[in-house]
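Okay, structure first, notes after.
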């Protein structure tokens with residue numbers, strides 16, 4: 001009998017939650033809602049609704065990495081993850097370790113940012129290495145992401161840029177001066193203006209970017225333009241999560257992008 005479920009919640013829960021989730025709820029002892037690889041404004045509400053049915057808690061990366069496998073010895077647990085549950089290598093490692101220990105496990109997939117960005121018109125076949133864009137901290141300014149971005153640009157492929165998420169004990173006060181992340185429940189999401197600021201001086205001014213806000217949700221916003229268009233924009237979408245794509249499209253992709261996204265110069269809040 002299954003003791004561990006790794007379940008994706010998709011990009012727009014509860015509508016995007018797979019049907020098998022309900023069956024798993026009837027068999028599990030606890031639900032762990034993961035709140036560190038991605039965030040959704042409805043995550044706390046979902047936790048509250050689930051608590052009426054089954055013991056549920058929001059968990060950190062430390063909880064998952066240090067406690068989950070031990071607790072599976074006595075409990076049947078659902079680990080629910082926004083997007084697809086195997087999009088993060090942390091979850092793949094966890095699944096492999098559970099199998100190694102002989103814990104019966106099952107995976108239920110859901111839509112992910114890694115496939116849904118095709119809604120912008122780019123070809124997934126031309127995606128290069130994904131880049132995570134971190135905030136510079138007062139005492140630490142990571143820059144390894146620049147190397148991956150430059151490598152993708154040299155190869156002529158697209159780069160999906162995932163924006164930083166701050167979760168306690170990390171707070172905006174730990175950031176370098178001048179950055180303004182967006183509050184989202186107990187976390188803070190990198191804003192589009194902050195992301196554009198970090199990319200300035202790394203990418204050329206005419207670099208072609210696509211921004212996605214609340215991708216996969218009914219009120220999602222997808223824009224396109226050159227880096228300098230984003231720099232000059234009087235306002236950019238708020239209320240993430242956001243992501244960016246440094247795109248190097250061919251003519252067919254350009255036509256699809258024009259049809260499926262809005263020029264940032266024409267967007268109005």
Listed by first then second residue, the pairs whose first member lies in the range 219-234 and is assigned to a loop (DSSP other than H, G, I, E, B), whose partner is at pLDDT 95 or above and surrounded by 15 or more Cβ atoms within 10 Å (Cβ to Cβ), with beta carbons under 6 Å and at least 6 positions apart or on separate chains, are 233/264
- Determine whether the range 60-69 contains at least one residue that is touching a strand residue (DSSP E or B) at 6+ places or on another chain (Cβ under 6 Å) and buried (at least 19 other Cβ atoms within 10 Å of the Cβ). no
*asked:* Residue under question is residue 94, and the condition is that it be in a helix (DSSP H, G or I), in contact with a helix residue (DSSP H, G or I) (Cβ under 9 Å, 6 or more places away or on another chain) and either buried (at least 20 other Cβ atoms within 10 Å of the Cβ) or assigned by TED's automatic domain parsing to the domain that holds residue 134 (or both); does it hold?
replied: yes
Note on residue 111: of the conditions (1) touching a residue at least 40 places away in the same chain (Cβ under 8 Å); (2) in a loop (DSSP other than H, G, I, E, B); (3) more than 22 Å from residue 87 (Cβ to Cβ); (4) in contact with a strand residue (DSSP E or B) (Cβ under 8 Å, 6 or more places away or on another chain), unmet is (3)
When every residue in the range 63-91 that is under 15 Å from residue 31 (Cα atoms) and in a strand (DSSP E or B) is compared, the one modelled with the lowest pLDDT is 81
Review point. Does the range 142-164 contain any residue that is in contact (Cβ under 8 Å) with a residue 60 or more places away in the chain, within 20 Å of residue 193 (Cβ to Cβ) and in a loop (DSSP other than H, G, I, E, B)?
Key: no
Taking the range 39-62 and the residues there that are touching a helix residue (DSSP H, G or I) at 6+ places or on another chain (Cβ under 9 Å) and either in a helix (DSSP H, G or I) or in the same structural domain as residue 187 (by TED's automatic domain parsing) (or both), the one that is modelled with the lowest pLDDT would be 61
Those residues of the range 190-212 that are in contact with a helix residue (DSSP H, G or I) (Cβ under 9 Å, 6 or more places away or on another chain) and either assigned to a loop (DSSP other than H, G, I, E, B) or under 15 Å from residue 42 (Cα atoms) (or both) come to a total of 6
Of those in the range 14-35 that are in contact with a strand residue (DSSP E or B) (Cβ under 9 Å, 6 or more places away or on another chain) and part of a loop (DSSP other than H, G, I, E, B), the residue farthest from residue 62 (Cα to Cα) is 19
Exactly one of 165, 161 is modelled with pLDDT of 95 or more, within 18 Å of the chain's Cα centre (by Cα) and in the same structural domain as residue 256 (by TED's automatic domain parsing), and that residue is 161
Taking first residues from the range 190-206 that are outside the structural domain of residue 144 (by TED's automatic domain parsing) and second residues anywhere that are buried (at least 20 other Cβ atoms within 10 Å of the Cβ) and not in a helix (DSSP H, G or I), the pairs with Cβ under 9 Å that are 6 or more apart or on different chains are none
Open item on the list: Taking the criterion of being assigned by TED's automatic domain parsing to the domain that holds residue 244, surrounded by fewer than 18 Cβ atoms within 10 Å (Cβ to Cβ), touching a residue at least 12 places away in the same chain (Cβ under 8 Å) and assigned to a helix (DSSP H, G or I), would at least one residue in the range 120-133 satisfy it?
Closed with: yes
Taking the range 168-189 and the residues there that are part of a strand (DSSP E or B) and either outside the structural domain of residue 141 (by TED's automatic domain parsing) or within 19 Å of the chain's Cα centre (by Cα) (or both), the one that is surrounded by the fewest Cβ atoms within 10 Å (Cβ to Cβ) would be 183
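The values are calculated or read from the model by the stated rules, or taken from the named source; none is laboratory data. Note that this is a predicted model, so its numbers are computed, not measured. All Cβ positions, even for glycine, are placed from backbone atoms using ideal geometry, and neighbour counts span all protein chains on display.
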